Amino acid sequence: MADDVTMRVWRGDADGGDFAEFTLPAQEGEVVLDVIHRIQATEAGDLACRWNCKAGKCGSCSAEINGRPRLMCMTRMDQLPEGPVTVAPMRTFPIIRDLVTDVSFNFEVAKSVPAFAPPPRPEEGYRMAQIDIERGQEFRKCIECFMCQDVCHVIRDHEDNKPQYAGPRFFIRYAELEMHPLDTNDRRELLRQQGGLGMCNITKCCTEVCPEHIKITDNAIIPMKERVVDATYDPVAWLGRKILRRKKATPQQAVTHGA
Amino acid sequence: MTEYETHDYDVIVIGAGGAGLRAAIEAKDRGLRTALICKSLLGKAHTVMAEGGVAAAMGNVYAEDSWQVHFRDTMRGGKMLNNWRMAQLHAMESPDRVQELEAWGALFDRTTDGRILQRDFGGHRYARLAHVGDRTGLELIRTLQQRAVAMDIDVFMECKILRLLSDADGVVSGAVGYWRATGEMVVFSARSTVIATGGAGKSWKYTSNSWECTGDGHAMSLWAGADLIDMECVQFHPTGMVWPLSVRGILVTEGVRGDGGVLRNSEGKRFMFEYVADMFRAETAESEEEADRWYEDHSAGRRPPELLPRDEVARAINTEVKSGRGTPHGGVFLDIASRRSAEVIRRRLPSMYHQFMELAGVDITHEPMEVGPTCHYIMGGVRVDAETAAATVPGLFVAGEAAGGMHGSNRLGGNSLSDLLVFGRRAGIGASDFATGRSGQVVPNQAEIDRTVDEALAPFTRDEGENPYQVHHDLQDTMQTLVGIIRTQSELDEALEKLDELTSRASRVAVGGGRSYNPGWNLATDLPAMLTVSRCVTLGARDRRESRGGHTREDFPNADPEFGKVNLVQRQPSGGGMDEEIKIGPEPIPEMPDELKALFEETH
Ligand SMILES: Cc1cc2nc3c(=O)[nH]c(=O)nc-3n(C[C@H](O)[C@H](O)[C@H](O)COP(=O)(O)OP(=O)(O)OC[C@H]3O[C@@H](n4cnc5c(N)ncnc54)[C@H](O)[C@@H]3O)c2cc1C
Ligand code: SF4
Ligand code: SF4
Ligand code: FES
């Protein structure tokens with residue numbers, strides 16, 4: 001005899017809402033998103049959720065499952081503790097409806113990061129050593145699920161911090177560009193002032209939830225904090241360390257460089 | 001009268017996968033007022049899922065590679081049904097398009113001398129796929145997305161387009177759709193319109209495609225009077241997951257085989273050696289030893305048969321399973337565990353490792369995977385001009401998976417991502433030139449707007465009716481069982497009858513709830529396109545009475561040289577939309593110039 005599963009799914013909109021309970025027969029090997037889809041197909045056709053790939057690749061289906069940010073498509077039902085499974089929208093972002101939140105904050109922050117600015121491409125293409133790009137590749141695994149942003153306490157409970165805080169997803173973006181062997185922009189002052197890197201107190205919650213296992217704190221935030229300090233207090237030391245590998249523009253030059 | 005907001009642009013691009021992003025970047029770069037519209041959030045399009053790589057004859061690993069070889073591989077993979085000029089432009093331009101991504105921030109895996117590394121894939125003579133582990137699509141889409149953001153292109157996210165609009169002269173002049181978040185209607189007027197809406201796999205039950213792949217662009221183009229070609233040519237990728245059932249269809253990248261993985265049946269036999277067609281015999285290994293030598297050095301042996309084009313491998317798997325030599329869950333084994341070290345597997349195929357570990361509880365460094373065919377890609381699409389990507393109605397340009405011709409009857413792995421870049425850019429140029437040359441005020445047809453809005457909202461007005469999820473489910477069942485990988489006359493006829501029934505059911509769907517982010521309603525508005533595309537695929541499959549590439553007829557098992565000379569063209573001559581009958585007929589494929597023909601003779 002098949003067991004049942006009970007789901008407590010948050011339903012509502014910007015004006016408020018509550019958990020609704022659904023009980024369905026369990027099916028082998030299912031993930032949370034499968035059960036949500038079955039609820040849509042049978043009991044609640046208008047139950048809102050985002051998803052695309054159903055394979056952990058697009059970062060659309062983020063939700064808080066039993067209180068923890070997870071991808072619904074990569075969370076197997078049989079690996080959750082027995083008893084009802086709670087599915088709620090990410091708390092840091094305004095609700096649109098049910099499990100769908102307004103994540104436009106992240107797209108706005110993305111616009112504020114100055115673009116990659118390499119020297120002109122040589123005829124036969126750029127040369128870069130694998131070892132010099134490995135760190136950048138780690139950061140570029142990011143699927144923009146925004147769960148690190150969701151869990152970061154600097155903005156999770158402090159809406160007013162949002163305008164001057166980029167958040168962990170964008171700390172790795174700054175770090176990726178800063179560590180890119182060909183980039184010529186210097187974004188450290190921007191990261192300090194506009195990105196609010198100083199507000200992060202290295203709790204590592206972001207790293208813990210990252211489905212791509214990116215070491216956000218150890219590999220991006222901490223090194224960037226060091227580099228930002230260099231930029232503020234000791235530009236010569238920073239330059240000395242960098243100049244061996246490449247030339248970086250000053251913040252003033254950065255604006256005019258390679259659009 | 002329903003209220004709606006309006007926007008006016010020079011160029012609108014519908015679809016923000018690789019093709020749409022590349023087109024929008026090009027149009028914006030040329031100074032045109034450009035909008036990019038997509039059904040999902042930016043960066044989530046199906047392109048993000050591409051794994052193995054992007055094909056370009058850069059010759060970084062094998063200097064012998066050249067556009068001529070890439071062109072020849074592409075044409076042979078497509079069983080010569082390809083539009084030769086598209087295949088040629090694609091082979092010539094893809095190296096530049098890939099390198100350009102590096103200038104925009106992409107970080108491809110490197111060779112030891114610091115150039116872009118290239119990997120082997122089925123049907124490609126040389127290691128040709130630039131890649132980033134097995135997440136190449138993510139790299140491609142993120143790079144283009146970041147470029148588009150840096151250029152300040154206007155993006156309309158989670159905005160579903162329902163219909164194209166034309167003006168009084170029949171020139172495509174924009175589109176109408178709705179915001180998913182609010183359900184509010186929105187109208188775009190535009191001097192040129194680019195369609196880059198991707199594929200149509202969601203009409204099948206087992207598919208690697210995301211929910212967005214409902215063939216909207218194919219259907220909207222047809223409804224606007226444009227020609228579709230070769231819609232019967234649908235690619236079933238040989239290796240999708242088969243278990244657990246809930247993940248059935250999710251893709252297992254061909255990179256597994258490119259990196260040394262082999263296919264075995266339940267008897268442990270590497271069965272692909274039995275399935276080498278004459279066309280490929282000269283270049284395929286005859287023994288396991290020879291095949292294994294090839295992985296180390298391509299001049300020491302010929303290619304393993306596991307790396308034959310996808311249609312060949314998919315049919316072979318299908319036959320093995322039907323002959324009772326399948327795995328417990330109805331697939332075959334894909335084994336890399338016994339052939340490569342755990343360390344190599346984890347480094348080269350990280351997402352595959354996670355996918356199986358997390359979804360199936362299978363450790364692919366220790367156990368074989370169970371795999372079987374899954375609906376993956378549609379080669380058929382909107383007929384376009386190779387140079388400009390212009391469709392056969394003025395004002396409309398089409399690129400990416402929504403366009404037809406480039407891949408003939410079967411696409412080689414890696415050739416889609418490069419197609420997106422090459423023809424995305426060309427569509428951007430074509431649309432920009434058209435927009436610049438178009439004079440006068442752009443006035444979309446009001447009656448079309450009103451009718452579309454009414455039709456879209458109709459499901460809310462019915463108190464009782466069909467459940468859209470059920471109609472979709474039944475459509476998937478129909479296409480899976482009757483218009484799947486192996487087809488036959490009686491089943492295709494049955495499918496057409498079922499499609500009539502489903503179409504009439506779809507016209508009676510009712511949805512509950514409001515207009516704000518309502519997936520049931522959203523699905524109801526996807527159904528017309530899914531049904532239209534399913535019908536086109538079925539009609540094409542019925543009329544192409546031969547087997548070629550992605551189209552296999554049990555009752556006509558061989559390729560017919562006469563059919564090899566024609567595209568099956570489908571159109572609604574008066575651009576009448578959903579209700580008009582679809583006309584289908586053969587038209588000659590463009591003939592290849594002699595100097596290109598010579599490329600095929602040399603090698604035999
Ligand atoms: C798992 C997987 C792996 C793959 N791996 C490879 C590979 O390694 N190499 C390779 O070359 N190819 C690969 N492919 C194929 C390739 O990824 C696709 O063919 C390609 O990404 C399609 O790109 P596109 O730009 O045409 O459309 P898509 O990326 O599908 O984008 C379509 C866009 O159109 C939008 N859209 C659709 N309809 C509407 C509408 N009505 N209104 C508004 N917007 C709309 C969507 O929101 C989306 O933004 C793979 C495919 C899959 C599924
Ligand atoms: S480590 Fe910093 S960025 Fe990450 S969650 Fe903690 S405070 Fe936020
Ligand atoms: S860094 Fe990790 S958690 Fe944050 S958005 Fe990217 S993938 Fe998600
Ligand atoms: S649906 Fe793409 S990550 Fe879950």
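The values are calculated or read from the model by the stated rules, or taken from the named source; none is laboratory data. In this text, all values refer to a predicted model and were calculated from it rather than measured experimentally. Note: ideal-geometry Cβ built from the backbone for every residue, glycine included; neighbour counts use all protein chains shown. Quick note on the areas: whole protein, heavy atoms, side chains included, nothing else; ligands and nucleic acids left out. Shrake-Rupley method; radii C 1.70, N 1.55, O 1.52, S 1.80 Å.
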#### Entry: Average beta carbon contacts from partner chains per residue of B:42-54, 10 Å cutoff
4
### Charge-dipole axis of segment A:1-133 as Lys and Arg at +1 and Asp and Glu at -1 on Cβ define it, positive-most pick from A:Met74, A:Leu24, A:Phe116
A:Phe116
### Task
Compute the distance in nm between two label points, each set 7 Å from the Cα along the Cα-to-Cβ direction, one at B:Glu595 and one at A:Val229.
6.4 nm
### Query
How far is helix A:222-233 tilted, in degrees, relative to the longest principal axis of the Cα atoms in chain A, given as a value from 0 to 90 rounded to the nearest 10?
40 degrees
### In Å², nearest 10: area of B:Lys205 left accessible to a 1.4 Å probe
90 Å²
#### Entry: Ranked packing of B:79-91, B:375-387, most packed first, by mean Cβ within 10 Å
B:375-387, B:79-91
#### Entry: For segment B:52-57, 3J(HN,Hα) per residue [Karplus equation, 6.51 cos²θ - 1.76 cosθ + 1.60, θ = phi - 60°, Hz, x = Gly/Pro]
x, x, 10, 7, 7, 7
### Summary
Listed residues A:Leu80, A:Leu191, A:Leu71; largest mean-square fluctuation, Gaussian network over chain A with Cα springs below 10 Å, found at A:Leu80
### Query
Ranked from highest to lowest mean number of other Cβ atoms within 10 Å per residue, what is the order of the peptides B:55-62, A:129-136?
B:55-62, A:129-136
### Query
Average partner chain C-beta neighbours within 10 Å, per residue of B:521-527?
1
### Task
Treating the angle as unsigned and between 0 and 90°, give the value, to the nearest 10°, between the Cα long axis of helix B:310-322 and the longest Cα principal axis of chain B.
70 degrees
## Note on the structure
Mean other chain Cβ within 10 Å across A:179-190 is 1
## Note on the structure
Counting only protein heavy atoms and leaving out ligands, DNA and RNA, the solvent-accessible surface of B:Glu591 at a 1.4 Å probe, in Å² to the nearest 10, equals 140 Å²
### Query
Suppose R0 equals 60 Å; then what is the FRET efficiency for A:Glu159 and B:Glu464 from their Cβ-Cβ distance, rounded to the nearest 0.05?
0.85
### Summary
Rounded to the nearest 5, the percent of antiparallel DSSP beta bridges in the protein assembly as shown equals 70 percent
### Choice from A:Phe116, A:Phe139, A:Phe93 showing the highest fluctuation, given a GNM over chain A with Cα pairs closer than 10 Å
A:Phe116
### Query
Got a sec? Which residues of segment B:239-257 lose 20 Å² or more of accessible surface with every protein chain in place, vs. that chain alone, 1.4 Å probe?
B:Trp243, B:Pro244, B:Ser246, B:Ile250
### Summary
Interface buried area B-A, accessible surface with 1.4 Å probe, both sides summed, nearest 100 Å², comes to 4800 Å²
### Message
Could you compute the net charge surrounding B:Gln572? Neighbours are other residues with a C-beta less than 11 Å from the C-beta of B:Gln572; K and R count +1, D and E count -1.
### Response
-2
### Task
Calculate, for segment B:519-596, the solvent-accessible area per residue in square angstrom, rolling a 1.4 angstrom probe over the heavy atoms of the protein chains.
41 Å²
### Task
Measure out, as a whole number of angstrom, how far apart the alpha-carbon centroids of segment B:547-602 and segment A:53-96 sit.
46 Å
### Task
Heavy atoms only, probe 1.4 Å: what % of the accessible area of segment B:66-130 goes to carbon and sulfur, would you let me know?
49 percent
### Message
Leaving out ligands and nucleic acids, and using a 1.4 Å probe, what accessible area per residue does segment A:4-101 come to in Å²?
### Response
37 Å²
### Message
If I take every Cα pair under 8 Å that is 6 or more residues apart in segment B:462-598, average their sequence separation and divide by the length, what percent do I get for the relative contact order?
### Response
23 percent
### Task
Between the chain alone and the structure with every protein chain in place, find the residues of segment B:76-118 that drop at least 40 Å² of accessible area; heavy atoms, 1.4 Å probe.
B:Gln99, B:Glu102, B:Ala103, B:Gly105, B:Leu107, B:Arg110, B:Arg115
### By average C-beta atoms within 10 angstrom, highest first, the peptides A:209-216, A:57-64, B:580-587
A:57-64, A:209-216, B:580-587
### Message
I need the shape label for the protein assembly as shown. Rule: rounded when a/c is under 1.5, else prolate if a/b > b/c, else oblate, with a, b, c from the alpha carbon gyration tensor.
### Response
rounded
### Message
Nearest 500 deg cm²/dmol is fine: what mean residue ellipticity at 222 nm does the protein assembly as shown get from its DSSP H runs of n ≥ 4 alone, each adding -39,500 (n - 2.57), divided by its residue count?
### Response
-11000 deg cm²/dmol
### Message
Quick check: the distance between the Cα centres of segment B:161-181 and segment B:413-451, to the nearest angstrom?
### Response
12 Å
### Summary
Taking chain A, the equivalent ellipsoid from its C-alpha gyration tensor has semi-axes in Å, biggest first, of 41, 19, 15
### Query
What's the angle, to the nearest 10 degrees (0 to 90), between helix B:350-360's Cα axis and the longest principal axis of chain B?
80 degrees
### Alpha-carbon centroids, segment B:495-520 and segment A:8-41: separation in whole Å
22 Å
### Task
Would you check the accessible area of A:Lys141, probe 1.4 Å, heavy atoms only, in square angstrom rounded to 10?
60 Å²
### Summary
Between A:Ser112 and B:Glu184, the FRET efficiency computed from the C-beta separation at R0 = 25 Å comes out, to the nearest 0.05, as 0.35
### Query
With respect to the cross-link table entries B:Lys269/B:Lys498; A:Lys111/B:Lys39; A:Lys54/B:Lys269; A:Lys57/B:Lys39; B:Lys79/B:Lys160, which display a Cα-Cα separation exceeding 29 Å?
B:Lys269/B:Lys498; A:Lys54/B:Lys269; B:Lys79/B:Lys160
### Summary
Amide H neighbours of A:Ala115 at under 5 Å, excluding residues fewer than 5 places away on the same chain, with H built from the backbone geometry, are none
